[in-house]
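Here is the structure we will look at, set down as structure tokens.
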């Protein structure tokens, strides 16, 4: 697959706090996974065999932390490119002594193409990706036909893809992509949205959207 040159994110990180910088210096070796264009041995990096959930674009990781606490039987591989959020997440993982979260600080397309073995994931989470609401910026949206093609190869045969957004235009765009994709199917049916999963914990971005009276749109997808 051709590598797309347009990024779905812009790094406007600002300065790291002392706490965030300290976490990156001291805890990355414990919880971080460095990017390398070779397939990971997921059982080895977690030190056990367990269901693998890929959590894409986790921000400061509040949702990832909550899921990892509620479901210690799962392993969570979190992807985030912004270092301040990673610093906060690392501090939280360390304070809670969680051993079922690992983090990669790199572009998700590279990770899916090179690092994630085929049929290795039980679930993929994409919760509240940047909607890039202006039409001229839609090309920057993370969710497109290319990432769907990558994700369908990484999910195992009974795997699930869960997406949530509070942007109606983005939700309609996702439905259009699903209608054109014969290998990942919308389990709620064509053009429908899934009920909000009872297990999905609220993210900081979701909370902010709800305060603005935004409606949340959930998708639950599986392989055909």
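Only the coordinates and a few stated rules stand behind these numbers; no lab work does. As the structure is a computational prediction, the values presented were derived from the model and not from experiment. Using ideal geometry, Cβ is built from the backbone for each residue, glycine included, and neighbour counts are taken over all protein chains shown.
Going 7 Å from the Cα of residue 70 toward and past its Cβ, which residues in the stretch 209-224 have a backbone nitrogen under 13 Å from where you end up?
Under cut-off, by backbone N: nothing.
At residue 191 and residue 156, where each label point lies 7 Å from the Cα along Cα→Cβ, what is the point-to-point distance in nanometres?
3.6 nm
Between the helical axis of 145-154 and the dominant principal axis of the chain, each derived from Cα atoms, what acute angle in degrees is found, rounded to the nearest 10?
Long axis of 145-154 versus the principal axis of the chain: about 60 degrees.
Where both residues lie in the chain, what percent of DSSP beta bridges are antiparallel, nearest 5?
For the chain, the DSSP antiparallel bridge percentage is about 35.
Residues in the stretch 181-224 near a label at residue 122, defined as backbone nitrogen under 17 Å from the 7 Å Cα→Cβ point?
Zone members listed by number: 198-201, 221-223.
Please give the peptides 186-195, 124-133, 85-94 ranked by average Cβ packing (other Cβ atoms within 10 Å per residue), highest first, as a rough proxy for protection. Intermediate results must be reported in sequence, preceding the final value.
Details: 186-195: 13.4, 124-133: 20.3, 85-94: 21.8.
The peptides rank, most packed first, as 85-94, 124-133, 186-195.
Using only Cα atoms, find the angle between the long axis of helix 83-96 and the longest principal axis of the chain, and express it within 0 to 90 degrees, rounded to the nearest 10.
The answer is roughly 70 degrees.
Suppose only helical runs count, i.e. DSSP H with n ≥ 4. What mean residue ellipticity at 222 nm does that imply for the chain under -39500 (n - 2.57) per run, divided by all residues and rounded to the nearest 500 deg cm²/dmol?
After summing the helix terms and dividing by residue count, I get -9500 deg cm²/dmol.
Hey, in the GNM for the chain with a 10 angstrom Cα cutoff, which one of 33, 58, 198 fluctuates hardest?
198
Want the number for residue 169 to residue 136: 0.36 nm per residue separation, take away the alpha-carbon distance, what's left?
Contour length minus Cα-Cα distance gives 10.5 nm.
Give, in nm to one decimal, the length gained when the segment between residue 179 and residue 17 is fully stretched (0.36 nm per residue of separation minus the Cα-Cα distance).
Full-extension gain reported as 53.9 nm.
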